[in-house]
1. Local charge sum around V107 (other residues, Cβ-Cβ under 14 Å, Lys/Arg +1, Asp/Glu -1)?
2. Which loop trypsin sites (Lys or Arg not before Pro) in segment 1-108, with loop taken from DSSP, have no more than 16 other Cβ atoms within 10 angstrom of their Cβ?
3. Quick check on the exposure proxy: order I129, I100, I36 from fewest to most C-beta atoms within 10 angstrom.
4. Kindly provide log₁₀ I(q)/I(0) values, in the same order as q = 0.24, 0.27, 0.29 Å⁻¹, from the Debye equation applied to equal alpha-carbon scatterers of segment 113-179.
5. Rank the residues V5, V85, V71 as a footprinting-exposure proxy: fewest other Cβ atoms within 10 Å of their Cβ go first.
6. Placing unit charges on C-beta atoms (Lys and Arg positive, Asp and Glu negative, everything else neutral), compute the dipole magnitude of segment 2-175 about its Cα centre in debye, rounded to 20.
7. Would you kindly state how much longer the chain becomes between S61 and R75 on full extension, computed as 0.36 nm times their sequence separation minus their alpha carbon distance, in nm to one decimal?
8. Percent of Cα-Cα pairs per 10 Å bin, from 0 to the last occupied bin, for segment 98-150, please list those.
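Bear in mind that the values in this text are calculations on the coordinates, not laboratory data. What you see is a predicted model; the values in this text were computed from it and never measured. In this analysis, Cβ positions are derived from the backbone assuming ideal geometry, glycine residues included, and neighbour counts consider all displayed protein chains.
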Amino acid sequence: MQSEVMFAGFGGQGILLIGKILAHTAMEEGHEVAWIPSYGPEMRGGTAYCMVVISDRPIGSPIIRNPLHLVAMNRPSLEKFAPMVKSGGVIFINSSLIDIDSGRDDVDELVVPVVDIAKSIGNVRAANIVALASFVARSGVVGLDRLRACVKAEFAQKEKLIPINMKAIEAGSKAAQPG
């Protein structure tokens, strides 16, 4: 079984970080993993995206034209990449910044106001972790307990950020629940 996840948004949203955390989590679970970052020369404000490939067997190529899942943090990313997502995948939409849907009825569309949720828990910069946790809770590509451990490891050098990111994981996973 192989899952491909594209994370996309603009520079400064923590797109590459959440891709790296997902890849680390999958690796800790014993999966084969590829993480391919890409960003424009602008860095902050420019387009940033990354592909994470998770598999139970060796990965033939980390370059994927049609990912199974998409986490879109801004409207240009949704418009560009949603048509490429395989049928049956999850398309995550950050409704704090995106006011349209994917236009797809063959995917599981998950719409979450991650910026608003991050503000409500006390730090808007945790929006990316809210998005990651919400996507993981809905897709099941990795386990939430392992995700928590990997987020703690990622922020080990900045321990004061761990509590807010744990709140972000809880809020994000709760937002992924139907109803």
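1. Numbers: positive: K86, R104, R138; negative: E4, D101, D105, D106, D108, E109.
It works out to a net charge of -3.
2. On the way: sites: K20, R44, R65, K80, K86, R104; in loops: R44, R65, K86, R104.
Sites meeting the loop and neighbour criteria: R44, R65, K86, R104.
3. On the way: I129 30, I100 11, I36 15.
Sorted ascending by nearby Cβ count, the order is I100, I36, I129.
4. -0.98, -1.17, -1.28
5. V85, V5, V71
6. That gives segment 2-175 a dipole magnitude of about 480 debye.
7. Fully extending the segment from S61 to R75 adds 2.2 nm.
8. Taking every Cα pair in segment 98-150, the percentages come to 22, 44, 30, 4.
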